[in-house]
1. By counting other Cβ atoms within 10 Å of each Cβ, how are A:301, B:80, A:288, A:28 ranked from fewest to most?
2. Taking the beta-carbon count within 10 Å as an exposure proxy, list B:323, A:292 from fewest neighbours to most.
3. Determine the shielding of peptide A:270-278 by partner chains: average, over its residues, the number of Cβ atoms on other chains within 10 angstrom of each Cβ.
4. Taking only the Cα atoms of the range B:170-240, how large is their convex hull per residue, in Å³?
5. If you scale each eigenvalue of the Cα gyration tensor by 5 and take the root, what three semi-axes come out for the range B:189-326, rounded to whole angstrom and sorted largest first?
6. Using Cα positions and a limit of under 15 Å, work out the aspartates and glutamates in reach of residue A:14, with same-chain residues fewer than 8 apart set aside.
7. Which of A:294/B:156; B:137/B:211; A:90/B:273 have a Cα-Cα distance over 27 Å?
8. If all Cα-Cα distances of chain B are sorted into 20 Å bins from 0 onward, what percent lands in each bin, rounded to whole numbers?
Amino acid sequence: MTLLEVKGLRTGFKIGEQVYHAVDDVSFSLKTGQFVCIVGESGCGKSVLSLSIMNLLPRENGKITSGEILLDGKNLIPLTDEEMNKIRGKDITMIFQEPMTALNPVFSIGFQIAEILHNHTKLTKPQIRSKSIELLRQVGIPRPEKILEEYPHQLSGGMRQRVMIAMAIACSPKLLIADEPTTALDVTIQAQILELMKEIQQKREMSVLLITHDLGVVAEMAEEVIVMYAGQIVEQGNAEQIFHNPKHPYLVALLNSIPRLGEKKNRLEAIKGIVPSLVHMPTTGCRFVDRCPKAKEECRFISPQLAAVEQGHSVRCLLYQESYPKVEEGGRR
Amino acid sequence: MSRAASDRYLLEVRNLKKYYPIRGGFFRRKIGDVKAVDDVTLTLKEGETIGLVGESGCGKSTTGRTILRLTDPTDGEIIFQGKDITKIKGEELRKIRQDMQMVFQDPYASLNPKMMVGDIISEPIRNFNHQSKKDLKDTVMELLEKVGLTSDSYFKYPHEFSGGQRQRIGIARALALKPKLIVGDEPVSALDVSVQSQVLNLMQDLQEEFKLTYLFIAHDLSVVEHMSDRIGVMYLGRLVEWADKEQLYKEPLHPYTQALLSAIPVPDPRKRKERIILSGDVPSPANPPQGCAFHPRCQHVKPECSEIRPTMREVKPGHQVACHLYS
């Protein structure tokens, strides 16, 4: 069953008088109980995408200009703040990258967990307390009764991230969005947190949208993978297809550019150049063209479409016939 | 990966210690020590790359900084090019700095935003030799080209560059004095994967061209493995294992190294594996566990582990480990 469906989402930021789109025409869907990873480098729009789903974009200049975000068939974009508040923290929750800044330093852990339960459930105070202890125990925190009284600065990074997860699962959400949940952590702690997320996801049949830049994490966790580049989805498929049959030159190069343990290589394959900035994004053609080893002349003029090349595997690249735009839409990007 | 490693030692570090005092109580007396680096011994041959890996707080950066004498060691010896530099100061120390340079982790914080790139790169040269303005500019232009930047970068400011390009500027600055040793303190950890490989390749090319010796510090074991000839694994201020990189990868001996290797996510869904998941966090270096510092998290812990601190011993040629399992 489809839980979340994003259709043609475009999210832009106003710089001066111009609106620049950090997320441009992104469509994907997520089934109940599915584990989906979005992977991409900094500036590819993966975090803006997650903020769009949560409706947490900065008010002053961020705006969703078109598209739909459907949760259980209900469009979230036109919802008011009050309506959205009922969904955030209950149906959709989010874990952020920095467990240090995502927790409020002046309130105890117990208070912060209780806040969510208080807002979304009708539990009484003692019930909230026992539920909080139960939640902390589920995320593998020793001495939960004691931790409830403690403040975020008294906990290590890994423990804070566990508290964040406890808060995120407090109301049994349908969808958990995790935005680089382990980037700030050491590898041995990262392994603990990933294991915990997997365990919780399987136990609760929750859908997870994991956003990361680390292809290693993706390979460990994901069923379905979405690769983003410069605001667009460039490739999408299951883990096997993405890692063993990559199609887009960007993904191929990216996979070749990471050093792998135990593999002897004198030189890494590097991708030349850098990701174009939001302001300098090419308006027509493929956005990877300047860095692409296989670029053709027409790549500069024809904007490739995301199209399926095999069952469940889509790619946006003119190397594949399917990606040519179906109908010439006179001048439209 | 250096091809020209000779047998001469460029740098020898013996029993290096760096303690930071903890002050507190009445009159802020010293009440303890944070043993950031505790009894580290390592050697660097000319032209090779040594990698230091470990998690945050294990003392790898402090080791690098202490070797460069950016902080003063508490105890131990640093012998650079056959000369004991542990205690030298003033002009003598300034002179020796020509031969040892550093590339820093954060390319956003390590370049002065108010200086032109040309001035940033030429500053070390201006500091040491007196070249004419024209020569100086030629040298800088040459350096810019070497690190793959265009010559018009000379007149630009750091904010006009991306992270990867800034790291190239940092590398050009480190190269300016033609040093023998470059300490890279997490030089690529702030960069994206696609840019990271550019910078790693550049560092390898430059090593070959200028016969550089690298001390490469990073938390990412796969990057360190790619770059280094020999690798030291640190845990809570101490070296726990020291081996050639092939050896370390093929046959990690210390349980911590094994866990570290197994914790690294492999970018291949077919290789999803049973991982060794360590329980608990890294203890505070101010209050390390008795005996082997790793024993509270170790799977193979024995009774003596909590009492006697294991010392580094050579288990196989060139492969040292500090663990009671191998004594």
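FYI, it's all coordinate maths here, none of it is from the lab. Keep in mind it's a predicted model, so treat the numbers as computed, not measured. Glycine also receives a Cβ, built like all others from the backbone with ideal geometry; neighbour counts cover every protein chain displayed.
1. On the way: A:301 11, B:80 23, A:288 26, A:28 19.
With the sparsest Cβ surroundings first, the list reads A:301, A:28, B:80, A:288.
2. Values: B:323 25, A:292 21.
Ranking B:323, A:292 by Cβ neighbours within 10 Å, fewest first, gives A:292, B:323.
3. Details: counts 11, 6, 3, 5, 9, 4, 0, 1, 0.
Partner-chain Cβ atoms within 10 Å, mean over residues of A:270-278: 4.
4. Details: hull volume 7.2 nm³, N = 71.
Cα convex hull per residue, to the nearest whole number: 101 Å³.
5. On the way: eigenvalues 168, 68, 43 Å².
After scaling each eigenvalue by five and taking roots: 29, 18, 15 Å.
6. The reachable aspartates and glutamates, counting only those whose Cα sits under 15 Å from residue A:14, are A:24, A:60.
7. On the way: A:294/B:156 32 Å; B:137/B:211 24 Å; A:90/B:273 33 Å.
Pairs exceeding the cut-off: A:294/B:156; A:90/B:273.
8. 30, 56, 15, 0
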